[in-house]
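The values are calculated or read from the model by the stated rules, or taken from the named source; none is laboratory data. Given the structure is predicted, the values throughout are model-derived calculations rather than measurements. So basically every Cβ, Gly included, is an ideal-geometry build from the backbone, and we count neighbours across all protein chains shown. What goes into the accessible areas is simple: the full protein's heavy atoms, side chains included, and nothing from ligands, DNA or RNA. Shrake-Rupley method; radii C 1.70, N 1.55, O 1.52, S 1.80 Å.
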Amino acid sequence: MGPEHSDERTDADPSSSTTVEIIRNRRSTRTGFENRGVPTDIIRAIVSCGLAAPSSKNAQPWAFHVVQSKTQLREFADLVRQAEGLEDFVPHDALTGKRGDNWESTVLESAEVLGGVSSAIFVENRVAFGGGRKALSSTTTEHIQAAILGYGLEMLGLGAAVQNMLIAAASLKIQAAFMGDILIAEEQIGERLGITGELIGVLILGFSSEQPPPRARMESGLSAVTWHT
Ligand SMILES: Cc1cc2nc3c(=O)[nH]c(=O)nc-3n(C[C@H](O)[C@H](O)[C@H](O)COP(=O)(O)O)c2cc1C
């Protein structure tokens, strides 16, 4: 619906919605975390918002692993630092197999972030649609299209769960960031957490005085929005 349309079914004023404001102002925070962990009742509320996410076929492909031990998070950060292929851990082109020129590895920075917090939620894909990345990379050409479709939809549900938790954290005044770089040590971290599916990343949480300014993407990212009126 274009900007000149109005909808008589709602009298909501978009300029006064705190939820809209929280979503627009949300930023990833990576520095300045205090030593104290996030209280369990707040983490519980954040996780409950992850569980409230929509998912394809209502498969709820997620499992959340809450870690509240700074020692364990530091250990995980070390596993990430010690992993092989740090520099090459960037998106690669599916057709050529070449690493994207535009992407720099951020693995060491992400390890630093993980080692600097006292609370984190590791997100597991329970591979409800069957197999996950490993199976996907070894399946036959006959099955690949349907498998990619299922995996993509599974990921969208997981993304919704992660985003619900990021927004919940922001609304509870908890600083947070989601990090996929830790997957470089997926095997080692997964083993310690008892993961049977596959890890998709970690949501770090904490109290930090550092809050990056809003991105104002509605102004800078207008080419991403087309109004078909
Ligand atoms: C799937 C996904 C993976 C991400 N992985 C990392 C990561 O490994 N390390 C990191 O510092 N940030 C990571 N981020 C955070 C992004 O870098 C961040 O969202 C992006 O730069 C936009 O900044 P903003 O969240 O402050 O708007 C990730 C975000 C998503 C959604």
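The set of residues in the range 24-76 that are among the aliphatic types (A, V, I, L, M), in a helix (DSSP H, G or I) and under 27 Å from ARG215 (Cβ atoms) comprises ILE42, ILE43, ALA45, ILE46, VAL47. Examine the range 136-155 for a residue that is at pLDDT 95 or above and either under 28 Å from ASN25 (Cβ atoms) or among the hydrophobic types (A, V, I, L, M, F, W, C) (or both), and state whether such a residue exists. Yes, the range 136-155 has at least one match.
Of all residues in the range 18-37, one or more are within 14 Å of the ligand (Cβ to nearest atom), of a type in the set (Ser, Thr, Tyr) and in contact with an Asp or Glu (Cβ under 9 Å, 6 or more places away or on another chain).
Every condition in (1) small (Gly, Ala, Ser); (2) within 30 Å of GLN145 (Cβ to Cβ); (3) open to solvent by 30 Å² or more (accessible area, probe 1.4 Å); (4) at pLDDT 95 or above is met by SER69 except one, and the failing one is (2). Evaluation of ASP101 against the conditions (1) farther than 16 Å from GLY201 by Cβ; (2) in contact with a Lys or Arg (Cβ under 9 Å, 6 or more places away or on another chain); (3) among the acidic types (Asp, Glu) shows that the sole unmet condition is (2). All of GLN163, GLN145 fail the test of being within 13 Å of the ligand (Cβ to nearest atom) and assigned to a helix (DSSP H, G or I), apart from GLN163.
Report the residue count in the range 181-192 for those that are open to solvent by less than 30 Å² (accessible area, probe 1.4 Å) and touching a helix residue (DSSP H, G or I) at 6+ places or on another chain (Cβ under 9 Å). Let's see the steps before the verdict.
First, the residues of the range 181-192 that are open to solvent by less than 30 Å² (accessible area, probe 1.4 Å): 181-182, 184-185, 189-190.
Now drop any that are not touching a helix residue (DSSP H, G or I) at 6+ places or on another chain (Cβ under 9 Å), which leaves 181-182, 184-185, 189.
The qualifying residues number 5.
Pairs are defined by a Cβ separation below 9 Å, a sequence spacing of at least 6 or placement on different chains, a first member in the range 200-229 that is farther than 26 Å from ARG36 by Cβ, and a second member that is open to solvent by 90 Å² or more (accessible area, probe 1.4 Å) and in a loop (DSSP other than H, G, I, E, B); the pairs so defined are GLY221/ARG215; TRP227/MET1; TRP227/PRO3; THR229/MET1; THR229/PRO3; THR229/GLU4; THR229/HIS5. Could you tell me how many of the residues in the range 77-89 are modelled with pLDDT under 95 and assigned to a loop (DSSP other than H, G, I, E, B)? Residues that pass the stated criteria total 2. Within the range 97-137, being in a helix (DSSP H, G or I), touching a strand residue (DSSP E or B) at 6+ places or on another chain (Cβ under 9 Å) and either open to solvent by 60 Å² or more (accessible area, probe 1.4 Å) or without any contact (Cβ under 8 Å) to a residue 60 or more places away in the chain (or both) holds for ARG133, LYS134. Being assigned to a helix (DSSP H, G or I) and under 23 Å from THR18 (Cβ atoms) is a description that does not apply to MET155.
Taking the numbered list (1) under 17 Å from the mean Cα position of the chain (by Cα); (2) open to solvent by 30 Å² or more (accessible area, probe 1.4 Å); (3) over 18 Å from ALA169 (Cβ atoms) in turn, LEU51 passes all entries but (3). A search for C-beta distances below 6 Å between a residue of the range 138-154 that is under 24 Å from GLN60 (Cβ atoms) and any residue that is open to solvent by less than 90 Å² (accessible area, probe 1.4 Å) and among the small types (Gly, Ala, Ser), counting only pairs 6+ apart in sequence or on different chains, returns THR139/ALA147; LEU153/SER56.
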